Amino acid sequence: MKRLFLVACVVLSISVCLASEKEETTFRGAPPEVMDAVKARVVQFYTYFKEAKFRQAEALVTEESKDLFYNAPKKPLLGFEVATIQFNEQFDEAKVLVNVDTMSPLMGATPFKLPVGGKWVWVNDNWFLHMEERKRESPFGEMKGGTGAPQGVTAGAFSGQGIKPEALQNMYAVETRQVRFPGGSDEPVERSVVLHNTGPAKLEIEKQGADLPGLTVDTGEGQVEPGEQREIRFTYDPTVANLTGERDIYFGVLPLMQRFAIKVLVDN
């Protein structure tokens, strides 16, 4: 039986602004020795949680954050991976993004990666996690009317019962959900839709299901960076196969474990 580890819900209430590098210019890379020092502390912190050593983990938070840390409830955690670390110009503050492997009853039995941000500060010759109490905080960026979650994620998206699916759904946006091709064409015709990454994590778009003769789908190369967009191209070639009517083409969004459909219509 799989062993489930516990991690404090503190990872869902860490005070941090998860802006992309394009949006936040004061945070940048650091000398390797500084980067390694922060990463070592972050890895140690999350390893303590993975081993359910919460008292040891408390030693890695700032003094003013200890009450918040102590009173935080717990959530399941299966594993973690440090994704990005960005520094201010003085190299005494770092924004850290960690991909946490977790499970939620609302998301089924399949583990998924949840991006979680944290603010680490240089105090007394070492790095410590700093937390701030905010009633409308989440790991996803700026919320409407609040702070800490991307636009579109509303307060209450996270609760003691787990992560609501709409919180993950709002981490990306598709401009249109259908493409239309003319009938009777004797040469290839191209259409496209645009997906926007509105969250703090890099996304991967993958086409699902079998290929449709006469229709080529291109999701582009590599990951979609936070704040950027990806054009998904559809090319219908009637010389390969003659299509009519409408069909749904499905796509997966990783690591969010989300799925969306684009309706393809071919006129008679």
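The values are calculated or read from the model by the stated rules, or taken from the named source; none is laboratory data. All of these numbers come straight from a predicted model, not from anything done at the bench. Note: ideal-geometry Cβ built from the backbone for every residue, glycine included; neighbour counts use all protein chains shown.
Taking the condition assigned by TED's automatic domain parsing to the domain that holds residue 132, of a type in the set (A, V, I, L, M, F, W, C) and at pLDDT below 90, does residue 37 pass?
Working: assigned by TED's automatic domain parsing to the domain that holds residue 132: yes; of a type in the set (A, V, I, L, M, F, W, C): yes; at pLDDT below 90: no.
The answer is no for residue 37.
Here residue 236 meets each of (1) touching an Asp or Glu at 6+ places or on another chain (Cβ under 6 Å); (2) surrounded by 15 or more Cβ atoms within 10 Å (Cβ to Cβ) with one exception, condition (1).
Which members of region 99-146 meet the condition of being in a loop (DSSP other than H, G, I, E, B) and modelled with pLDDT of 50 or more?
103, 104, 108, 109, 110, 111, 124, 125, 131, 132, 133, 134
If we scan region 211-218, do we find a residue that is part of a loop (DSSP other than H, G, I, E, B), surrounded by 14 or more Cβ atoms within 10 Å (Cβ to Cβ) and in contact with a Phe, Trp or Tyr (Cβ under 7 Å, 6 or more places away or on another chain)? Among the residues of region 211-218, at least one is part of a loop (DSSP other than H, G, I, E, B), surrounded by 14 or more Cβ atoms within 10 Å (Cβ to Cβ) and in contact with a Phe, Trp or Tyr (Cβ under 7 Å, 6 or more places away or on another chain), which makes the answer yes. In summary, residue 262 fulfils each of the numbered conditions (1) modelled with pLDDT under 90; (2) in a strand (DSSP E or B) with the single exception of condition (1).
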